[in-house]
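This report refers to the structure that appears directly beneath it.
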Amino acid sequence: MADKKIVYCYSADTGEYVGQTTAQRSPLELEEEVYLVPAWAAADAPPPAASRQAAVWRTDDGRIPAHCILGGSWQLLPDWRAVPLWDTATAQPIAAQLGDTPEALGATELAPPPFGVWDGASWRVDHAAEAAAQRAAVETEIAARRGQADAAIVPLQDATDLDMATPAESMLLAAWRRYRVELSRVPLQPDYPATIAWPPEPSAQ
């Protein structure tokens, strides 16, 4: 009789098969082949797992026993943990746990496009949401550029009001004011907000 035999280890956290170890033959059993199977191991080999499956040792009620003599058997569970999935309700990434399936999670392997909405079979682009986001981004940029123009105009306007402006400063003031007007007319451009022709800043002229 062999002094040791191969046994099959499982994770204490998930119950999934993690590899082999050896069990020593019990010195107290001289006639029968009794082996001292360690904790978190089973004498039976796990069944082969297919793609997106994992072999796990669990009891019928889902517990992971510390020792196989406490019950349990090998089961094959869905294993999508390594597969990128997206929530079809939010279009956000979602992490599967051992035993989860995309159907149970309301998820898909198909990566969503920007502003994607799930129609039950595939993603489609929510053009209204896309346009709203583009508009908000452009409005934020207009406000930022307007703030820059306001900051440039204030000292130049002060110099003009006090009859202290040089000819160059007067020209620069007019350029910044013109730039500010052009910014206010950006929403009137024909392809707004998808395509914007930004007026050049006076400092770049």
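Coordinate-derived values only; no laboratory data. Only a predicted model underlies this, so the values are computations on that prediction, with no experimental measurement involved. Every residue, glycine as well, gets a Cβ built from its backbone with ideal geometry; the counts of neighbours run over all protein chains shown.
Values for this structure:
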quantity: Student exercise, segment 5-78 dipole from Lys, Arg, Asp, Glu Cβ charges, in Debye to nearest 20; calculated: 300 debye
quantity: Largest to smallest principal axis extent of the C-alpha atoms in the chain, angstrom; calculated: 115, 39, 26
quantity: Computed lengthening from residue 122 to residue 170, 0.36 nm per intervening residue step minus Cα-Cα distance; calculated: 11.4 nm
quantity: Alpha-carbon centroid distance for the pair segment 7-24 / segment 73-151, whole angstrom; calculated: 38 Å
quantity: Computed label-point distance, nm, for sites residue 20 and residue 137 using a 7 Å Cα→Cβ extension; calculated: 5.6 nm
quantity: Burial ranking of peptide ranges 176-187, 192-203 (average Cβ count within 10 Å, highest at the top); calculated: 176-187, 192-203
quantity: Cα lying deepest toward the dipole's positive end in the chain, options 45, 14, 72, charges on Cβ; calculated: 14
quantity: From the C-alpha gyration tensor of segment 85-125, square roots of 5λ in Å; calculated: 19, 10, 7
quantity: Cα Rg, Dmax, segment 5-78, angstrom units; calculated: 12.9, 44
quantity: Built amide H within the under 5 Å cut-off of residue 22, gap 5+; calculated: 7
